[in-house]
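The values are calculated or read from the model by the stated rules, or taken from the named source; none is laboratory data. These numbers come from a predicted model, not from an experiment. Here the Cβ positions follow ideal geometry from the backbone for every residue, glycine too, while neighbour counts run over all protein chains shown. Ligands, DNA and RNA are stripped out before the accessible areas are found, and what is left, the full protein with its side chains, is counted by its heavy atoms. Shrake-Rupley method; radii C 1.70, N 1.55, O 1.52, S 1.80 Å.
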Amino acid sequence: MSELAAYNFAYLDEQTKRMIRRAILKAIAIPGYQVPFASREMPMPYGWGTGGVQVTASIIGPDDVLKVIDQGADDTTNAVSIRAFFQKVAEVAVTTHTGEATIIQTRHRIPEETLKEGQVLVYQVPIPEPLRFLEPRETETRKMHALEEYGLMHVKLYEDIARHGRIATTYAYPVKVHGRYVMDPSPTPKFDNPKMHRSEALQLFGAGREKRIYAVPPHTDVVSLDFEDHPFEIQTFDKPCALCGANHVYLDEIVLDDGGKRMFVCSDTDFCETRRAEGHTGEMLAPSQEAAE
Amino acid sequence: MQIHETSLTGGFTNPVLDSQNVFRTVMNCMAQPGTIGEVAMGVEPPAPLGAAAGAVMLTLCDHDTAVWLGPHLLTPGITGWLGFHCGAPLTKEKTEAKFAFAHHKAPLPSLMSFAQGTLEYPDRSTTLVIEVEALDGGPTLELKGPGIRTTALLSPKGLPEHVLKQWAKNGQIFPQGVDVILTAGHRLAALPRTCKISLKEA
Ligand SMILES: [Zn+2]
C-alpha cells in the first residue's frame, strides 16, 4: 500500500471514477446508447485507447485479473503498455489466457474462446458514432438516435451492396442493440459481431477523444444490420490456421519470404497457443500429421 | 449547518478500495437483474439509512449529483452524513435529483415524478435507491430483459405497491425512465429500466 499511496489507485482521481462509474451504470441501463462523459487526459496519446483505459481504471480492483489485446495479440506495443500501466497503478494480476481474465481490454478483436458470466470486455473505441459518416453534426445524430431514424443508415448499407455486390464494411459493422439503438462495435472485424449477441460477458465501450461510454449487458440481443435479399455474412477463410489447424476463426496473413510465400494464422494468439499446447497442429508445423488427419 | 456526531463516522475505512468494491457489486447487479449483491465492509450510516444504501451513496454521490431524500430519511444525521462524506447537494425537486433515496416506511412518490431523462439524453434520469424490508420473503417477481438469460426471480418484501404498477409504464417510455436499486440492510439488487417485471402467481 505504501507504494500505491504515491499516486491514485488505477491512476484516476476518485471524483473522475465516480463520474465514469455513474456513466457506466446508465450505459448498462440503456443498452447501446452513448452516454457522454468528461474524458480525462491520460498518460498516453489518443488512439492508444484512452477511453478503454478510463473505463478499465474505473472498474478495476485488486482482485481482478487483466488481459489486454491489440488485434488478437497480447504482445503488441499497445497491449503491453496498457497491461504494464495497470500493473503499476493498480497492482493487478495480468494474464494472456482469456479464460483466466476477469477484465479483458481490447482494441479490435473479441477472443475466440467464448466469454463467460462475470467477465467484462472493455473496448477501446476511436469513433463511437455509427451515424457520423452520414451526419457530422452531433446535435443531428443525437436526434436521429432519439427518434430511431435509421433509414439513411440502411440506404447507405444498401448502396454498398449495389456498388460492391456485398456489404463492403468489414470493420465497425453497425449493429442494433436490444432492438433499439444502432451501435458501432468499434474497429472490431464484423467476423466478431456474432460473438456480441447474447454474450454472457458484460461489454463496455469507451471512446476517449469523443467522450462516450456505452454498454451491452450480458444476454442482450446484438443484431448486425442487413437486408432480406442480402443477409449479414461474416468473412470466411479458405484454410484452417497454419499453426494450430483451427477452423472458423479469424486469421491474419503473414508473409514468410520475399518470394510471396505466406501463411494464415489465428489472430487470437492465446487461442492458437492453447490449441498447440493441447496438441493441435496446422500444416506449417506438421505437414505429415495433417495428411494423417 | 449543524453537524451531528453520527454524520462524521461510519464511512468507508478505505474509501478508494471500498468504493471500487461496492461499485463492482452495483455494476454486476445492474448488468444482471435478479442478482443479489452484498456490501461486506463495515459501513454504518446513520439510521434508518441501511448499510448498502449508505455504501451506494458514498460510492456514487458527490457535489455533481443532486440528491433527493424521502421523508423518512430526511434527518439531520443523514443529511449531515451526505454532506460530510459526499459533499452532495440536497434537492427538494425530484426532477433535479440524480439519486433519490427512499425508505419503505414512508410513502414513495410516483416514479414518474422523478427525472425521466430526455429522448436525446435518456441517461439524465434519476436512479432511485429504495430500502425495502428484505430482498427475499416477499411476492415473487419474474424478471426478463437484458442481463437475463431467460428469466430471473426476485422476491423483495416491502416494495411500495405502486412501483410494480408504474413499472410497465416506465418501460414503455424507454429509452427514458428511471432505474432502481433495491437495498435491504447489507444487500442490494438492481432493476434497470429495461427489466420486464411480472408478478409470479403463487
Ligand atoms: Zn491457430
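Just the residues that are within 11 Å of chain A (Cβ to nearest Cβ) and either charged (D, E, K, R) or in contact with a Cys (Cβ under 8 Å, 6 or more places away or on another chain) (or both), please, taken from segment B:98-136. Selection gives B:98, B:99, B:120, B:123, B:124. Is there a residue in segment B:38-45 that is in contact with a Pro (Cβ under 7 Å, 6 or more places away or on another chain) and at pLDDT 95 or above? Scanning segment B:38-45, I find no residue that is in contact with a Pro (Cβ under 7 Å, 6 or more places away or on another chain) and at pLDDT 95 or above, so the answer is no.
If we keep just the residues of segment A:89-117 that are free of Cβ contacts under 8 Å to residues at least 60 places away in the same chain and within 14 Å of chain B (Cβ to nearest Cβ), which is nearest to the chain's Cα centre (by Cα)? The extreme case among them is A:103.
When A:258, A:229 are screened for being away from chain B (no Cβ under 14 Å), open to solvent by 70 Å² or more (accessible area, probe 1.4 Å) and over 30 Å from residue A:33 (Cα atoms), only A:258 passes.
Evaluated against (1) open to solvent by less than 10 Å² (accessible area, probe 1.4 Å); (2) of a type in the set (Asp, Glu); (3) within 14 Å of another protein chain (Cβ to nearest Cβ), residue A:192 falls short on exactly one condition, (3).
Condition (residue is under 14 Å from residue B:36 (Cα atoms) and either open to solvent by less than 20 Å² (accessible area, probe 1.4 Å) or not in a helix (DSSP H, G or I) (or both)) applied to segment B:173-180: is it met by at least one residue?
Of segment B:173-180, the ones under 14 Å from residue B:36 (Cα atoms) are B:180.
From what is left, the residues that are either open to solvent by less than 20 Å² (accessible area, probe 1.4 Å) or not in a helix (DSSP H, G or I) (or both) are B:180.
Yes - at least one qualifying residue is present in segment B:173-180.
With the condition kept exactly as written, say whether any residue in segment A:26-46 is crowded, with 24+ Cβ neighbours inside 10 Å, free of Cβ contacts under 8 Å to residues at least 40 places away in the same chain and within 11 Å of another protein chain (Cβ to nearest Cβ). Yes. The set of residues in segment A:70-81 being without any contact (Cβ under 8 Å) to a residue 60 or more places away in the chain and not in a loop (DSSP other than H, G, I, E, B) consists of A:70, A:77, A:78, A:79, A:80, A:81. Within segment A:145-163, the presence of at least one residue that is modelled with pLDDT of 95 or more, assigned to a helix (DSSP H, G or I) and within 30 Å of residue A:16 (Cβ to Cβ) is confirmed. Of all residue pairs spaced 6 or more apart or on separate chains, those with beta-carbon atoms under 7 Å, a first member in segment A:204-222 that is over 16 Å from residue A:17 (Cβ atoms) and within 9 Å of another protein chain (Cβ to nearest Cβ) and a second member that is part of a loop (DSSP other than H, G, I, E, B) and of a type in the set (Ser, Thr, Tyr) are A:218/A:199.
On the given criteria, is residue B:158 on the phi > 0 side of the Ramachandran plot, out of contact with any Cys (no Cβ under 8 Å at 6 or more places or on another chain), at pLDDT 95 or above and surrounded by 17 or more Cβ atoms within 10 Å (Cβ to Cβ)? Before the answer, list the steps.
Values: on the phi > 0 side of the Ramachandran plot: yes; out of contact with any Cys (no Cβ under 8 Å at 6 or more places or on another chain): yes; at pLDDT 95 or above: yes; surrounded by 17 or more Cβ atoms within 10 Å (Cβ to Cβ): yes.
For residue B:158, the condition - on the phi > 0 side of the Ramachandran plot, out of contact with any Cys (no Cβ under 8 Å at 6 or more places or on another chain), at pLDDT 95 or above and surrounded by 17 or more Cβ atoms within 10 Å (Cβ to Cβ) - is met.
The set of residues in segment A:66-102 being open to solvent by less than 30 Å² (accessible area, probe 1.4 Å), closer than 20 Å to residue A:273 by Cα and of a type in the set (A, V, I, L, M, F, W, C) consists of A:66, A:68, A:69, A:73, A:79, A:101.
Tell me, which helices (runs of 4 or more DSSP H) wholly within segment B:1-97 include 1 or more residues that are crowded, with 17+ Cβ neighbours inside 10 Å and within 14 Å of another protein chain (Cβ to nearest Cβ)?
On the way: elements: B:5-8, B:15-31, B:51-60, B:76-81.
By residue number, B:15-31, B:51-60.
Of all residues assigned to segment A:261-276, none qualifies as being more than 11 Å from the ligand (Cβ to nearest atom) and under 27 Å from residue B:194 (Cα atoms). Answer yes or no as to whether residue A:61 is of a type in the set (Gly, Ala, Ser) and open to solvent by 20 Å² or more (accessible area, probe 1.4 Å). Considered against the rule, which asks whether it is of a type in the set (Gly, Ala, Ser) and open to solvent by 20 Å² or more (accessible area, probe 1.4 Å), residue A:61 comes out as no.
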